[in-house]
1. Failed condition for ARG217, given (1) of a type in the set (D, E, K, R); (2) without any contact (Cβ under 8 Å) to a residue 60 or more places away in the chain; (3) out of contact with any Asp or Glu (no Cβ under 9 Å at 6 or more places or on another chain); (4) outside any helix (DSSP H, G or I), with all others met?
2. Just checking, how many residues over segment 217-265 are surrounded by 14 or more Cβ atoms within 10 Å (Cβ to Cβ) and acidic (Asp, Glu)?
3. Which is among the small types (Gly, Ala, Ser), modelled with pLDDT under 80 and closer than 14 Å to THR418 by Cβ, of GLY384, GLY393?
4. Among the residues of segment 159-179 satisfying the criterion of being in contact (Cβ under 8 Å) with a residue 40 or more places away in the chain and part of a loop (DSSP other than H, G, I, E, B), which is most open to solvent (accessible area, probe 1.4 Å)?
5. Tell me which residues, restricted to segment 61-95, are free of Cβ contacts under 8 Å to residues at least 60 places away in the same chain and touching a strand residue (DSSP E or B) at 6+ places or on another chain (Cβ under 7 Å).
6. Taking ALA83, is it among the aliphatic types (A, V, I, L, M), over 16 Å from ALA152 (Cα atoms) and either outside any helix (DSSP H, G or I) or open to solvent by less than 20 Å² (accessible area, probe 1.4 Å) (or both)?
7. Across segment 124-158, what is the total count of residues that are surrounded by 14 or more Cβ atoms within 10 Å (Cβ to Cβ), assigned to a helix (DSSP H, G or I) and either among the hydrophobic types (A, V, I, L, M, F, W, C) or touching a residue at least 40 places away in the same chain (Cβ under 8 Å) (or both)?
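The values are calculated or read from the model by the stated rules, or taken from the named source; none is laboratory data. Remember, predicted model here, so these are calculated numbers, not experimental data. Neighbour counts are summed over all protein chains in view; Cβ atoms, including those assigned to glycine, are modelled from backbone coordinates with ideal geometry. Quick note on the areas: whole protein, heavy atoms, side chains included, nothing else; ligands and nucleic acids left out. Shrake-Rupley method; radii C 1.70, N 1.55, O 1.52, S 1.80 Å.
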Amino acid sequence: MLWSALLLPTAPTAPSTEAARRAVATWALQFTPRVALADGAVLMEVAASVRLFGGRRALRDRVVAESAEVGVTQVAWAPNSLAALALARAGLENGFRQALPVLLDALPMVVLNAVHPHQLTLAHIGCRTLGDVRALPRGGVGRRFDKQLLQALDQAYGAEPEAHVWVALPESFDERLELMARVEQAPALLWGARRLLLVMRGWLAARRAGVTAFTLRWAHDAMRARDAGEGGEITVRTAEPTRDTEHLCRLLAEHLAHVQLLAPVGDLQLLATEVHPLHEVSASLLPDTVRQGETLHLVLERLAARLGPGRVLRPVVLPDHRQEWMCRWQSAPEPLPRKPVPDTGLPQPTFVLPEPLKLLVRGNRPIYQGELQLLAGPQRVEGGWWDRVDDVGTTRNVVRDYWVALSAKAGVLWIFQTRLEETPAWYLHGHFA
């Protein structure tokens, strides 16, 4: 077994409330589903997660690196949870560098909560460490003190099994944070927001999901002007589901740079407003692709947050066979369409003309810089009767046969012939690169 104990601050001014412990427990769910709250600390049983995170050292480094940002002051590892908690309270981390009884015997006896009711009596009979308490006759300890003391000693030394109530994963993410000091500038809210984003990533990882939108709310201090209001909020959107904390922090920083607080802020609230399943990147020995640097959509979203959503656009292919309306431009942060793009059966042109160009016909053959040779087709497109342009009833209905044609001078072209007309005509609609 491998247990980790995460110790939270206990100073009167520190955020050591039950809500803070639940937030750390939610963050810890990304490492293992076996998370418990006990004695003011968060306990994780991570033996089954070691290989997933690349070994004990890699798992330890990640937990230690992130835990400080969510309010953890001490991390310890041991074969059982009570021993890990005792080591954390003593300021020790590694419970495997020596035999567990040797490590525990040297610890102050106050590291176990079961000792606290009897601390004065034990001190009077010369006990200072757990080893001193353990050396007392068991029969006398059992008669003079309650059974919790012997049970805690046996569990800490691994002689008796432990039982825990595991933390349940919340159905929705809604976390609050009381700031250590009042904040007057919006960019300074990022420190507290990052802590909430780390907790949200743990919740998302446990659900194997990502967000496409999250909302940060802030509450103004009670000593505020009447016209300042109770607080404010901003919603950050992404085109694809993600739980990348660094990317979400960068987007949030760009949005906060445009916010002006009307009064000092004392509390933050973070909500995951749009959550979707997230497909994990392959961790196989021979991955399909090699990822280097940021992906395009991450860069576009950060630029849109800085310049404004209406100034950064991206092309989106729509599930429509009509060439003019198969593609549209949308703001980069908007989610991409989830409907599959239809298979047209023929290759699509690289460049499409703004308006189809009517072609001359000679002997029933279209002409464009010479007579065209039809290579592939036809691809019949019929539709658009439902796409109304105005209230009069005008629609964008098209009835066409598309062909891939070859011109001796212009190269490969994308042309179509109209249908259901008295005199069918040929039009040039695109070029192939």
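1. The number of the failed condition is (3).
2. Selection size over segment 217-265: 4.
3. Values: GLY393 fails: closer than 14 Å to THR418 by Cβ.
Testing whether each residue is among the small types (Gly, Ala, Ser), modelled with pLDDT under 80 and closer than 14 Å to THR418 by Cβ leaves just GLY384.
4. VAL165
5. Taking segment 61-95 and keeping what is free of Cβ contacts under 8 Å to residues at least 60 places away in the same chain, we get 61-65, 68, 90-95.
Result: VAL63, VAL64, ALA90, GLY91, LEU92, GLU93, ASN94, GLY95.
6. Details: among the aliphatic types (A, V, I, L, M): yes; over 16 Å from ALA152 (Cα atoms): no; either outside any helix (DSSP H, G or I) or open to solvent by less than 20 Å² (accessible area, probe 1.4 Å) (or both): yes.
Considered against the rule, which asks whether it is among the aliphatic types (A, V, I, L, M), over 16 Å from ALA152 (Cα atoms) and either outside any helix (DSSP H, G or I) or open to solvent by less than 20 Å² (accessible area, probe 1.4 Å) (or both), ALA83 comes out as no.
7. 9
A quick yes/no check of all residues on (1) polar (S, T, N, Q); (2) closer than 23 Å to MET44 by Cα:
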| site | (1), (2) |
| --- | --- |
| ASN113 | yes, yes |
| GLN119 | yes, no |
| ARG134 | no, no |
| ARG144 | no, no |
| GLN148 | yes, yes |
| ALA163 | no, yes |
